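**Q** One structure coming up, written as structure tokens, with questions to follow.
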Amino acid sequence: MTEILTDRQFEIIEAAGKILTRAGVSGLTIKNLAKEMHFSEAAIYRHFGSKEKIIIAMLEYLATNMDERYTTTLNRNLNPEERFIKIFQNLFAFFNSNPHFVVAVFSDGLMEKSENINATILKIMAVKKKHLMPILAKGQEDGIFTNAIPVEDLMHIVMGTMRLQMFKWRVANFQFDIIKKGDAIIQSVLKIIKL
């Protein structure tokens, strides 16, 4: 899905993530990034041509990492409800450890400023859909999840709910326990979608 990052590029996106978390998109400049890493600005430009390319690399990494994590997590003999729980527990645990990715995905103005960033965020959503849709479809087929709602609509409802939970955590400046709140929202969604 994405080019393999060099170790140095990964260090740069990690440092960019720290700045995003601390200062937002406006605080993420090549100058601030160079200062954070004790590099020259020219050294940053050797790895990434612009701030946009750094954010895109971060989001591409997230999409690839998410796809790999979900493939590993869900590659077990679990029923659809167990798979549903696992996919979202994995999501909340990852973001709990890596909140800068939430900042990148939910930063005001990013999507409006760059078609490339917008396209990369859509890739992340496509990865979620790729893994979630079969779980919901199998759950409907097995009589675990409601058939009253078409699977595509069910997927949008679920993804929107989880996305709103992540947005609330971001707006609250990560001040509540996303694992605990995440588990509660998973159970609430299950109550809604189960037969």
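The values are calculated or read from the model by the stated rules, or taken from the named source; none is laboratory data. None of these values were measured; they are calculated from a predicted model. No Cβ is skipped: glycine too gets one built from the backbone with ideal geometry, and neighbour counts run over all protein chains shown. Accessible surface areas use protein heavy atoms only, side chains included; no ligands, DNA or RNA. Shrake-Rupley method; radii C 1.70, N 1.55, O 1.52, S 1.80 Å.
Residue-by-condition table, conditions (1) modelled with pLDDT of 95 or more; (2) touching a Cys at 6+ places or on another chain (Cβ under 9 Å); (3) open to solvent by 20 Å² or more (accessible area, probe 1.4 Å):
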residue: M111; (1), (2), (3): no, no, yes
residue: E115; (1), (2), (3): no, no, yes
residue: F145; (1), (2), (3): yes, no, no
residue: V151; (1), (2), (3): yes, no, yes
residue: R170; (1), (2), (3): no, no, yes
residue: N173; (1), (2), (3): no, no, yes
residue: I178; (1), (2), (3): yes, no, no
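**Q** Please go through the range 50-60 and pick out each residue that is over 12 Å from Q9 (Cβ atoms) and either open to solvent by 60 Å² or more (accessible area, probe 1.4 Å) or among the small types (G, A, S) (or both).
**A** Within the range 50-60, S50, K51, E52 meet the criteria.
**Q** Please go through the range 25-54 and pick out each residue that is modelled with pLDDT under 90, assigned to a helix (DSSP H, G or I) and aliphatic (A, V, I, L, M).
**A** Correct list: V25 only.
**Q** Looking at (1) within 23 Å of L20 (Cα to Cα); (2) surrounded by fewer than 14 Cβ atoms within 10 Å (Cβ to Cβ), which is the one condition that is false for E141?
**A** (1)
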